[in-house]
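Notes follow once the structure below has been shown.
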Amino acid sequence: MKNKLIPILAVILCLLICLSGCGLGSYIDNNGNSQNPSRPVDPDDPSNPDNPSNPTDDYTANVFLSNSLFNPGDANVTVVWRNDASIVRVPLGADGKANAGELDGTFNVYLEGLPTEYSYNPNAYVASADSRRVDILINTIVEPIRGDGLGMYDSQGCYIVRYDGTYRTNIKNSSTHLYYQYTPTVSGLYSIESWINVYSDEINPEIQIYGGTHANKWYIRTLDGGGAELDGGFTKNFRYEYPVSKAEVGNSFTFAVGGISKTGDYPITVDFAITYEGEYQSDLYDIRVIRAEEAIEKAAQPGANETFNYADLGTRIYSMKNFKYNNGTGFYHYYSEEEFGDDPYEYGKNYGPILCCNLKGVLPSYSTTTIYNANNVGEEGISFNFLRLYNIWIEAEQKFAVYDYTEFIRTDYNRVCNSDGMCYVTEELRQFLQKFAENHSLWTDGIAPDSGTPEGKGYTANQDAMWLFACGFYR
């Protein structure tokens, strides 16, 4: 019996060894249409890919598309090994392989002549004496769902992107930036990185980051670094990382891609990849509880003959022309050289009544909620805290956070309201009102305004005067 088992076990062992070497890698499907292949396995020597069947010290490259070796067909694709001392170019064979022979040192490895429907990261591959073989992964260019990229909003042509993958932007001149609106469908950490060859050193790509929602967007900053670059080089690839928690899935964010040509020749192309990097390590927001520091003086009761006048002054237009901060009082005021040049209120020349915020009353320009009750907006069982402002950019820390103004409004400024529910407008309160207007899309530049917002009610505002929707003065 023992002698019969030996050959049977040997056959089983051989079968297991063969099966274990047949895989060509695996995919991570994050959003239903994206593929991030793991390192492919060379079928020539699947059990030990770093030591191929050719027992030499050759530097070799394999090029893969969709986890299979890439046949360039009629295209003249060249694999380049390059360092500061030498450059070696070898045509890519029909088997998707190239052999540079015996080399000495560390080399960056990239491709030349790749057909235009494909892209890859030309700065990601390095060969050295310890790792002579590189596997270069190329991708098919992904097209946006719709748009031409020329406008910031969907209705203006903004590219709509649903999936991670490799995209290509065609830039007509140095001032052109094409807009993309990306909506992640799963939580995680995402990166947006340009793929410009640093050795070509002809294009410097850049990305503009925007805050807000699909309906109301504003510029935050421009990046032209963070990715691959050479010391002293013109090309500085951008890399931007964006964490998405489970609560943020379905919310879109907007960016714009541009580029500068070193020679001044246009058009140019900028390839970039939106990549799912992995799970977001924490689904807890970086929540900053904001408390007031300037809510000190209680608003005075109105005089017997005084009425409350809203800041649009009856025009339905909000402008900073008639309002100014007074360092002496620490409040904003109605300001007019003609009316208050002789200082009738004794706040200083040209300064009139103190500006108030209608914290607790119904606003004629905004019927969605009062400011005080904005912590509970919606129906029973489905409500939102509008006093929690999301995606606030902190320039000093180079990150987004959530600002929670609940106690700031409902405790600190409520305490200094008069019996009408009015409080004086300080600088910190103005900042809150401006962020509130931006965060909740009170103005959308005509892009589907909500009926309860000032824009939906026919009001307009300059960018710096959006906060005035809740303000006015007694007179």
Checklist entry - Can you run phi through the Karplus equation (6.51, -1.76, 1.60; θ = phi - 60°) for region 117-132 and list ³J(HN,Hα) in whole Hz, with x for Gly and Pro? => result 7, 10, 8, 6, 8, x, 10, 9, 10, 10, 10, 9, 4, 7, 8, 6
Checklist outcome for this item: A chain fully extended from ARG415 to GLU202 at 0.36 nm per residue, minus the present Cα-Cα distance, gains in nm 70.6 nm
Checklist outcome for this item: Hull surface over four for the Cα convex hull of region 86-150, reported in nm², is 6.3
Checklist outcome for this item: Amide H contacts under 5 Å for ASP450, restricted to residues at least 5 apart in sequence or on another chain and with H modeled in the peptide plane, are GLY456
Next on the checklist: Leaving out ligands and nucleic acids, and using a 1.4 Å probe, what accessible area per residue does region 293-358 come to in Å²?
Outcome noted: 59
Checklist outcome for this item: GLU407 and ASN309 label points (each 7 Å along its Cα→Cβ direction) are spaced in nm at 3.8
Checklist entry - Want the number for TRP218 to ILE145: 0.36 nm per residue separation, take away the alpha-carbon distance, what's left? => result 24.0 nm
Item to check | Whole-Hz ³J(HN,Hα) from phi, Karplus 6.51 cos²θ - 1.76 cosθ + 1.60, for region 200-207, glycine and proline x | outcome: 5, 6, 10, 10, 10, x, 8, 10
Next on the checklist: Given contacts defined as C-alpha pairs under 8 Å and at least six residues apart, what's the relative contact order of region 140-215, whole-number percent?
Outcome noted: 26
Next on the checklist: As a test question: what accessible area, to the nearest 10 Å², does MET320 have when a 1.4 Å probe is rolled over all protein chains in place?
Outcome noted: 50
Checklist entry - What aspartates and glutamates could a cross-link reach from LYS324, if we take a straight Cα to Cα line under 13 Å and drop same-chain neighbours fewer than 8 places away? => result GLU337, GLU427, ASP464
Checklist entry - So what are the ³J(HN,Hα) numbers for region 266-279, from phi and the Karplus equation (6.51, -1.76, 1.60; θ = phi - 60°), rounded to whole Hz, Gly and Pro as x? => result 9, x, 10, 10, 10, 8, 8, 10, 9, 10, 7, 8, x, 5
Item to check | Stokes-Einstein D (µm²/s) once Rh is taken as the Kirkwood radius of region 238-347 over alpha-carbon pairs, at 4 °C in 1.567 mPa s | outcome: 61
Checklist outcome for this item: Given backbone amide H placed at 1.01 Å from N, residues whose amide H is under 5 Å from that of VAL134, ignoring those fewer than 5 places away on the same chain, are THR60, ALA61, ASN62
Checklist entry - With each pseudo-label sitting 7 Å past Cα toward Cβ, what's the GLU397-ARG89 distance in nm, one decimal? => result 5.0
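Just the number, please: carbon plus sulfur as a percent of the accessible area of region 355-416, 1.4 Å probe, no ligands or DNA/RNA counted. Don't skip to the answer; put the middle values down first.
Numbers: 1360 of 2900 Å².
Exposed carbon and sulfur together represent 47 percent of the surface.
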Checklist outcome for this item: For the ASP74, GLN156 Cβ pair and Förster radius 35 Å, calculated FRET efficiency rounded to 0.05 is 0.30
Next on the checklist: Would any residue of region 226-245 have its amide N under 15 Å from a label point 7 Å out along Cα→Cβ of THR106? List them or say none.
Outcome noted: 229-231
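The values are calculated or read from the model by the stated rules, or taken from the named source; none is laboratory data. In this text the structure is predicted, and so the values were computed from the model without any measurement. Neighbour counts run over all protein chains shown; Cβ positions are idealised from the backbone, glycine included. SASA here: full protein model, heavy atoms, side chains in, ligands and nucleic acids out. Shrake-Rupley method; radii C 1.70, N 1.55, O 1.52, S 1.80 Å.
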